[in-house]
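Below: one structure, written as structure tokens.
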Amino acid sequence: MAVTTLKLVTIICEPVLEAKIEQDLKRLGASGYTVTEGRGAGSRGLHADAIPGSNLRIEAIVAPAAAERIITWIAEHYFEHYSVIAWLSDVQVVRGDKYVSG
Amino acid sequence: MAVTTLKLVTIICEPVLEAKIEQDLKRLGASGYTVTEGRGAGSRGLHADAIPGSNLRIEAIVAPAAAERIITWIAEHYFEHYSVIAWLSDVQVVRGDKYVSG
Amino acid sequence: MAVTTLKLVTIICEPVLEAKIEQDLKRLGASGYTVTEGRGAGSRGLHADAIPGSNLRIEAIVAPAAAERIITWIAEHYFEHYSVIAWLSDVQVVRGDKYVSG
């Protein structure tokens, strides 16, 4: 079965951002996403800005262009004032049309 | 220490599929797996077919041939009638023999 | 926005190891991490040594050299006596300086 390479976008954020980021994902090209609850910890927390307590992991599989739009939007709009990190990774799927909106 | 590249299979599915998919994984070459609970959401849910409410994330590290067998099996047997998505990604491990069955 | 490739370290372990591994991560170059609870299962569990019951997923984004230090340390110090697996994957981030300590 044919395999397509797409991007997995993973965002770890404060729970207060969930609704905003979900709207961002839809507007920027994600046809859906999953949410898992976790927690950040450490002397400096999840990164230099620290995310103590609980956090959310939001994931979406999207086309490469949408992935770049999403990660750039997250960095420009949330990195300064919120505890958020985000990364992209390459994933292989079958039936790639399931994941790409528009 | 020598690093080996294997495949991480990630499956997001309705909880009702857990036992079946775990049997599939074992039969198709996974020596084990982890399960995490999450939730899907969105106007169109996790993908075009939507997975409202809770879902499971099942992950296994396997050899590339087993990964292809698993993702093809999942697509052919579940995509039409269930809310399931699945993807592969490359991962590097040490002691690769720990993860490969058979 | 410029994208940097870093390593995502994922460790699945028994809960009893959490504090030790978090100290390892900090000492070996991770500026933070996230923790999610899951469970392992299967006839042979998560891998040949089996991780029945609950387990933790600890993740950190680090520079490639730190990633190699961490995964080697984990293998050498925990694989023999504990139920632990660990893997690395390539991830792309924006503002890579957020994730790299020192």
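The values are calculated or read from the model by the stated rules, or taken from the named source; none is laboratory data. What you are looking at is a predicted structure, and each value in this text was computed from that prediction instead of being measured. When we count neighbours, we look across all protein chains shown, and the Cβ atoms used for this are built from the backbone with ideal geometry, even at glycine. These accessible areas exclude ligands, DNA and RNA; they are computed on the full protein's heavy atoms, side chains included. Shrake-Rupley method; radii C 1.70, N 1.55, O 1.52, S 1.80 Å.
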Across segment A:7-22, in residue order, what do the Karplus-derived ³J(HN,Hα) couplings come to in whole Hz, using 6.51 cos²θ - 1.76 cosθ + 1.60 with θ = phi - 60° and x for Gly and Pro?
10, 9, 9, 10, 10, 10, 8, 4, x, 4, 8, 3, 5, 5, 5, 5
Compute the signed sum of charges (Lys and Arg +1, Asp and Glu -1) over the other residues within less than 14 Å, Cβ to Cβ, of A:K7.
-4
Find every distance from the label point of C:T72 to the corresponding label point in the other copies (7 Å from Cα along Cα→Cβ) and write them in nm, one decimal, shortest first.
3.8, 3.8
What accessible area, in Å² to the nearest ten, does a 1.4 Å probe give for B:H77?
80 Å²
Leaving ligands and nucleic acids out of the surface, order B:R95, B:R57 by accessible area at 1.4 Å, largest first.
B:R95, B:R57
Given label points at 7 Å from Cα along Cα→Cβ, what nm distances, shortest first, separate C:E37 from the same residue in every other copy?
1.0, 1.0
State which entries of A:K20/C:K7; B:K7/B:K98; A:K26/A:K98; B:K7/C:K7; A:K7/B:K20; C:K7/C:K98 exceed 19 angstrom in Cα-Cα distance in the structure shown.
A:K20/C:K7; A:K7/B:K20
Distances from B:D97 to the same position in the other copies: list them in nm, one decimal, shortest first, using label points 7 Å from Cα along Cα→Cβ.
4.6, 4.6
To the nearest 100 Å², how much accessible surface do chains C and B cover up together, summed over both, with a 1.4 Å probe?
2100 Å²
